[in-house]
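What follows draws every value from the coordinates through simple rules; no lab data is involved. These figures come from a predicted structure and were not determined experimentally. As a convention, Cβ positions derive from the backbone with ideal geometry for all residues, glycine included, and neighbour counts pool all protein chains shown.
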Ligand code: ADP
Ligand code: F6P
């Protein structure tokens, strides 16, 4: 029989993402309207192990839907990766009467959530990462804001790149995944997109394309490089030496993770947060809320973590065709 949950906790974990606050708000207000008590756990699993736990009510989440970052703060915890840390985490939850937990984060955070579920704390994951690298879901909170922020920044670099007739290598975040790079590459009309999933390190081909682009009258040459490939500054030096085209590197960095969430991020975060609280209310555990093929669904955590996803090849091919 499904375990009745009375008090739930909510935490954000791993890298922050714009829209996490909207998800927290949705969790808190949905749970309260279902008659549950809600506690906020500060600083992810690290804060759980330090018992940084606060009571939350509907007013605790007023005026946050439009704010980037996370009001609960976020952190990474090595201690929680150990079985002892997880046992301590589950005991602290029980000590505070928390028998349901919502974890807003990425794959690493969901691994931790699965461990707590196995220790008897009903746990639900909500996908929150700008990287879009969670296989079970077509959408993760923060991606839309991050790509819009990066797109606007790249437009600005493009202006100066054109004026100076330069080549620009612009590095975007995404850890080992190329989704931010692919989207910005298409949205910004980049000449080249270097994806960790595809790039074979053949710099000579890149150089040949820059020379060819010049011959065909292109004024600038925008290369979007994914963080998972990195080395943008040294790459720029080598490209300039080989092509004779002035080349500059720009690493966009953490600006991509901040700022006011877009409408899309607020809406997806609100619905996913509410669905997570509903799942706990229904006595469910060990699930991840996801958006798949146009629908909000949920998956078993371990099954979700086994899933694989890849860059859509057709989109990558179209980006190459359009950059000619
Ligand atoms: P993300 O959730 O964005 O993928 P991380 O990979 O940094 O971010 O994971 C966030 C936190 O989740 C880690 O600091 C750690 O406390 C916890 N975590 C990660 N992997 C595991 C694991 N295998 N078992 C238990 N907890 C984990
Ligand atoms: O997962 C989000 C992300 O911003 C990645 O794109 C990046 O690789 C990583 O987090 C950076 O993490 P940190 O904040 O620890 O530097």
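For segment 52-170, which fully contained helices (runs of 4 or more DSSP H) count at least 3 residues that are within 16 Å of ligand 2 (Cβ to nearest atom)? The helices (runs of 4 or more DSSP H) meeting that bar are 107-118, 143-163. Going residue by residue through segment 163-171, is there one that turns out to be more than 16 Å from ligand 1 (Cβ to nearest atom), out of contact with any helix residue (DSSP H, G or I) (no Cβ under 9 Å at 6 or more places or on another chain) and within 29 Å of residue 81 (Cβ to Cβ)? Checking segment 163-171: not a single residue is more than 16 Å from ligand 1 (Cβ to nearest atom), out of contact with any helix residue (DSSP H, G or I) (no Cβ under 9 Å at 6 or more places or on another chain) and within 29 Å of residue 81 (Cβ to Cβ).
Within the group 161, 168, 140, which residue is in contact (Cβ under 8 Å) with a residue 40 or more places away in the chain, farther than 19 Å from residue 18 by Cβ and surrounded by 24 or more Cβ atoms within 10 Å (Cβ to Cβ)?
168
Take the conditions (1) without any contact (Cβ under 8 Å) to a residue 40 or more places away in the chain; (2) surrounded by fewer than 17 Cβ atoms within 10 Å (Cβ to Cβ); residue 283 misses just one of them, which is (1). Residue 52 falls short on exactly one of the conditions (1) free of Cβ contacts under 8 Å to residues at least 12 places away in the same chain; (2) closer than 18 Å to residue 122 by Cβ; (3) buried (at least 17 other Cβ atoms within 10 Å of the Cβ), and that condition is (2). In this structure, residue 62 does not satisfy being farther than 15 Å from residue 101 by Cα and surrounded by 15 or more Cβ atoms within 10 Å (Cβ to Cβ).
Within segment 221-248, count every residue that is surrounded by 20 or more Cβ atoms within 10 Å (Cβ to Cβ), away from ligand 2 (no atom under 16 Å from the Cβ) and not in a helix (DSSP H, G or I). Number of matching residues: 4.
Here residue 98 clears all of (1) touching a residue at least 24 places away in the same chain (Cβ under 8 Å); (2) out of contact with any helix residue (DSSP H, G or I) (no Cβ under 6 Å at 6 or more places or on another chain); (3) surrounded by fewer than 23 Cβ atoms within 10 Å (Cβ to Cβ) except the condition numbered (3). Checked against (1) over 30 Å from residue 62 (Cβ atoms); (2) in contact (Cβ under 8 Å) with a residue 60 or more places away in the chain; (3) buried (at least 16 other Cβ atoms within 10 Å of the Cβ); (4) within 16 Å of ligand 2 (Cβ to nearest atom), residue 251 passes all but a single condition, namely (3).
Would you check which residues across segment 2-36 are more than 26 Å from residue 145 (Cβ to Cβ), in a loop (DSSP other than H, G, I, E, B) and either within 16 Å of ligand 2 (Cβ to nearest atom) or without any contact (Cβ under 8 Å) to a residue 60 or more places away in the chain (or both) and list them? Write out each step before concluding.
Taking segment 2-36 and keeping what is more than 26 Å from residue 145 (Cβ to Cβ), we get 2-8, 32-36.
If we keep only those that are in a loop (DSSP other than H, G, I, E, B) as well, we get 2-6, 34-36.
Listed by number, the list holds a single entry, 35.
Please specify each residue of segment 276-321 satisfying the condition of being farther than 24 Å from residue 178 by Cα and in a loop (DSSP other than H, G, I, E, B). Of everything in segment 276-321, those that are farther than 24 Å from residue 178 by Cα and in a loop (DSSP other than H, G, I, E, B) turn out to be 282, 283, 284, 285, 286.
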